[in-house]
Each structure stands twice: as C-alpha cells, then as structure tokens.
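The values are calculated or read from the model by the stated rules, or taken from the named source; none is laboratory data. What you are looking at is a predicted structure, and each value in this text was computed from that prediction instead of being measured. Note: ideal-geometry Cβ built from the backbone for every residue, glycine included; neighbour counts use all protein chains shown. All accessible areas refer to the heavy atoms of the entire protein, side chains included, with ligands and DNA or RNA removed. Shrake-Rupley method; radii C 1.70, N 1.55, O 1.52, S 1.80 Å.
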Amino acid sequence: MRKVSAPPRRGEDRRSWLSGAPPPRWVRVLPPALVAAICAATLLSDEPLEIGFLLGAIPPLAVLSYGPLATAVLGGVVIVLLHIPALQLDRPGDADLLTIVFVAVLSVFVSFVRSRRDAQLGLERTVAEAAQHAVVPPLPERVGAVRCAGLYRAAQRGTLVGGDFFDVRDGPFGVRAVMGDVQGHGLSAVSTVASLLGAFREAVLDQADLAAVAGRLDRRLLVDSADARHAELFATAALLEFSADALEVRVVVCGNPPPLLLRGADAAELEVSPWTPLGLGLADAGAIEACTVSLRPGDRLFLASDGVVEARDGSGAYYPLARRLSGLAGEDSAALPDLVWADLARFCPDVQDDVTILVLTPSPPALRMRGPVPH
C-alpha cells in the first residue's frame, strides 16, 4: 500500500523548528561548540580574555534542544569552567557566579516544562494523524483493474487533510473514483469531507448509476446544512466509473476541473458536460449527463484539484497543466504526482490552496496476464 501524500512523507516535516518540529542538528551542536570555542580561545590567547559572560548563554541555548538532565549537565560544566584557573574566564565574583547558577537552574526548569509540553504535543499529533488517516486512508496501488497513484498537500500547515477529498473504491458496479473540493479549506472543512466520503463509499455499493452517486453526495450536503443557518455548504467533484474490462470510463463533473486523458505524449481535457456543484439541490433532477470515453492500453487519467489548475506565478499566469503533463508523459504513473507537485512548486512557490493529484491507469485483465502496462 502506497501512502497518499496528504502529509509530508516520513522524515519530511513541513513545520519549521520554531513551530514545533524537532530542532535542526546545528541547534543541538551549538551549546557544546560554544563551550569548546570559549575554552580554545582562552587557552590560545596570551592575555586573559574577559569572555566568561558568554558561558551564561550555554544553559538557555541548551533548553532549545536538550532535556532537563542534559541541560543540568551543561550548566554544571559552565560553573566548573568558571573555576578553572588556567582558563582565567574573568575570575567571577560571588554575584556573577550566583547569577549564572540561577540562570542554569532556571534553564533546567524551563527544559523540564518544554519536554513535557513536547511530549504532549507529540501525543496529540499522533492521535490527529490517526484520526485524519481514518478520514482519508492510504490509497492502494491497485483497485480492481485500475492502478492508482495520488498526492495530497493540505494548505494549512501541520494538518493531513483539508478541503480536498478523493477516494477509489471497487464495488458491484465497477471501480469508482471521486475527487472534489468542499467550501473552505483546513480543519474547518474536515467534517464536510468526512461526510461526503462516507456518502460516496455507501453509494458505490448501492447506486447502479454514476449520476445517482452524484445525487447522493448532493443530498448529503443538503442534509448537513439543513440545520445550520446560512451554512451554504457546497462542493465541486469529479466522479469516474470504469467498466469491468477497464476499456471504458464514465465521467460526471460537478463544478470540478475535468480529468485529463494522457495518451502517449498528448494530454487533453475530456469533453464532458459540466454540472452544477454539489449541495445546491439540483442533482436530483435527473439531468446529470455522464460522458463515456473509450480507453486504449497505456492510457492514463489525471485528476487535479483547483489548487493545481488555478495556481499562478508571479506574473499572474496560470499553471499550464496540460503542457507540463505532455513533457512528463514518459514518466511512470507512480512518480507522476510527485513530479507535477515539484514542477508546480517551482512555478508557484507560495501555493495557498489544498493540492490534490490523482493518476488512474486502467489495466485490463488480459493486459495484466501478458505483463505490466507501460507507464
């Protein structure tokens, strides 16, 4: 199972160390390095150097990255160094020594408080990751006759899900996929995302028609907003349904950017009949049209959220998704989401919206028996 890149990968933390991430190595090295530099400077100098006051900075610096025990040890080292005659570190008087002792003791206490706080924040983050993965679970490498690859970057730092959602499920009526974007983003949109995904997973099992699945999602939003005054919940979505042999796909688009068909070196939007966003109460009218597209071996379907297609560079130009995809046509499907994200980040370094990418590669059973499908 490949994890969808909703959060950064393991070992990659989008938070800065000033915002709760583990401190970089240079922060941990700084206190002992400063001790060594002060000692070396005093031993190499022919004249006494009045730099003993710098040792008073060691315990506070240790608080940034060390626990209370290590901070206490560094504080003790500082006090010992002040009493070594060969170093001649300004020969502190009682007042200076008491000040440094007080700073060292206070640093140990602050380090203890910080360590307890970090442990609590770590526990809360672990619980939050488990809860958010329950909303948007890892995406399988294959669902039925369709290979899947995805990427998710939430706009709000420190979160794993936001206003975008997607899922791929197998059911009695074929493999179905959904990608969408609810009103708003960040944690405020998570409950709506969870509600829509739950409705989609039920509809995959119950609804024989893809348009009826869209109607189920539309009704879910209407029910959720019925008791909230001026809630005005809505969402855009694209729904896909693959035939059993993966040689055809049916597509319904409700306000979402249409999927792109990658065929050879070409990338083109599917010509679909757009429908209104979900949550407006119009999907029950039965007028939603599903577009049917024939697929060839090696074809891929690329779905991207508004965060991709509406990203702009410094001059205000939109990200040319179709043209960039044509240049990446030779890349493996599993690597394609990361490559597009890297290219998007270079084009628009300050992406403000949730970014979601989904690549679906139909792999008919006959082709799987002969060997892997290209790309």
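Quick check on the stretch 127-145. Is at least one of its residues over 30 Å from Ser243 (Cα atoms), at pLDDT 90 or above, open to solvent by less than 60 Å² (accessible area, probe 1.4 Å) and in contact with a helix residue (DSSP H, G or I) (Cβ under 8 Å, 6 or more places away or on another chain)?
No, because not a single residue in the stretch 127-145 is over 30 Å from Ser243 (Cα atoms), at pLDDT 90 or above, open to solvent by less than 60 Å² (accessible area, probe 1.4 Å) and in contact with a helix residue (DSSP H, G or I) (Cβ under 8 Å, 6 or more places away or on another chain).
Note down all Cβ pairs under 7 Å where the first residue falls in the stretch 268-281 and is open to solvent by 50 Å² or more (accessible area, probe 1.4 Å), the second is in a loop (DSSP other than H, G, I, E, B) and aliphatic (A, V, I, L, M), and they're at least six residues apart or on different chains.
Listed by first residue and then by second, the contacts come to Trp275/Ile288.
Is there any pair with a first residue in the stretch 328-341 that is under 15 Å from Leu358 (Cβ atoms) and a second that is of a type outside the set (A, V, I, L, M) and open to solvent by 30 Å² or more (accessible area, probe 1.4 Å) whose Cβ atoms are under 6 Å apart and which are 6 or more apart or on different chains, and what are they?
Ser333/His375; Leu339/Glu331
Mind counting the residues in the stretch 333-360 that are among the polar types (S, T, N, Q), under 15 Å from the mean Cα position of the chain (by Cα) and either crowded, with 18+ Cβ neighbours inside 10 Å or not in a loop (DSSP other than H, G, I, E, B) (or both)?
Matching residues across the stretch 333-360 total 1.
Somewhere in the stretch 300-308, is a residue part of a helix (DSSP H, G or I) and of a type in the set (Val, Ile, Thr)?
Within the stretch 300-308 (the criterion being part of a helix (DSSP H, G or I) and of a type in the set (Val, Ile, Thr)), the answer is yes, since at least one residue qualifies.
Here are some conditions: (1) without any contact (Cβ under 8 Å) to a residue 60 or more places away in the chain; (2) hydrophobic (A, V, I, L, M, F, W, C); (3) at positive phi. Ala246 meets all but one. Which one does it not meet?
(1)
Within the stretch 82-99, is even one residue small (Gly, Ala, Ser) and modelled with pLDDT of 85 or more?
Looking for residues that are small (Gly, Ala, Ser) and modelled with pLDDT of 85 or more, one finds none in the stretch 82-99, hence no.
Output the residue which, of all residues in the stretch 46-80 that are modelled with pLDDT of 85 or more and not in a helix (DSSP H, G or I), is most open to solvent (accessible area, probe 1.4 Å).
Looking at residues that are modelled with pLDDT of 85 or more and not in a helix (DSSP H, G or I), I get Leu64.
Go through the stretch 247-267 and give me each residue that's outside any strand (DSSP E or B) and surrounded by 15 or more Cβ atoms within 10 Å (Cβ to Cβ).
Residues satisfying the conditions are Leu247, Asn256, Pro257, Pro258, Pro259.
Go through (1) crowded, with 18+ Cβ neighbours inside 10 Å; (2) over 27 Å from Ser363 (Cβ atoms) for Val178 and report which single condition fails.
Unmet condition: (2).
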